[in-house]
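The structure appears below as structure tokens.
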Amino acid sequence: MSTTDKIKILLKHYYFHEICEIMGYDDESNETVATDEMRRLEKEDYPLFFSKMMEAAIINGNFEEVIANNVRLPI
């Protein structure tokens, strides 16, 4: 399954802001995505921010079953 297919599945089941919250971006609990670079990109280059966040989400364990089964699961 391609990266694009995985992203489409996630966005089918979750709003982007939910993905950011689950990934720990909003509360800065995930050092991988809650970085100064990501904060800058959010303000200055939102399309790149979106892309990087989704790339991080598809390899995040929280979404592994969602992608595999194409169904929203409680997290």
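Numbers at a glance
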{"quantity": "Boolean, PRO74 is within 18 Å of TYR15 (Cβ to Cβ), open to solvent by 90 Å² or more (accessible area, probe 1.4 Å) and assigned to a loop (DSSP other than H, G, I, E, B)", "calculated": "yes"}
{"quantity": "Close pairs from the range 47-75: first within 22 Å of GLU37 (Cβ to Cβ), partner among the hydroxyl-bearing types (Ser, Thr, Tyr) and not in a helix (DSSP H, G or I), Cβ under 7 Å, at least 6 apart", "calculated": "MET53/TYR25; ALA56/THR32"}
{"quantity": "Counted residues, the range 1-28 - those being of a type in the set (Lys, Arg) and over 12 Å from the mean Cα position of the chain (by Cα)", "calculated": "1"}
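The values are calculated or read from the model by the stated rules, or taken from the named source; none is laboratory data. In this text, all values refer to a predicted model and were calculated from it rather than measured experimentally. Methodologically, a virtual Cβ is constructed for each residue, glycine included, from the backbone with ideal geometry; neighbour enumeration extends over all protein chains shown. SASA here: full protein model, heavy atoms, side chains in, ligands and nucleic acids out. Shrake-Rupley method; radii C 1.70, N 1.55, O 1.52, S 1.80 Å.
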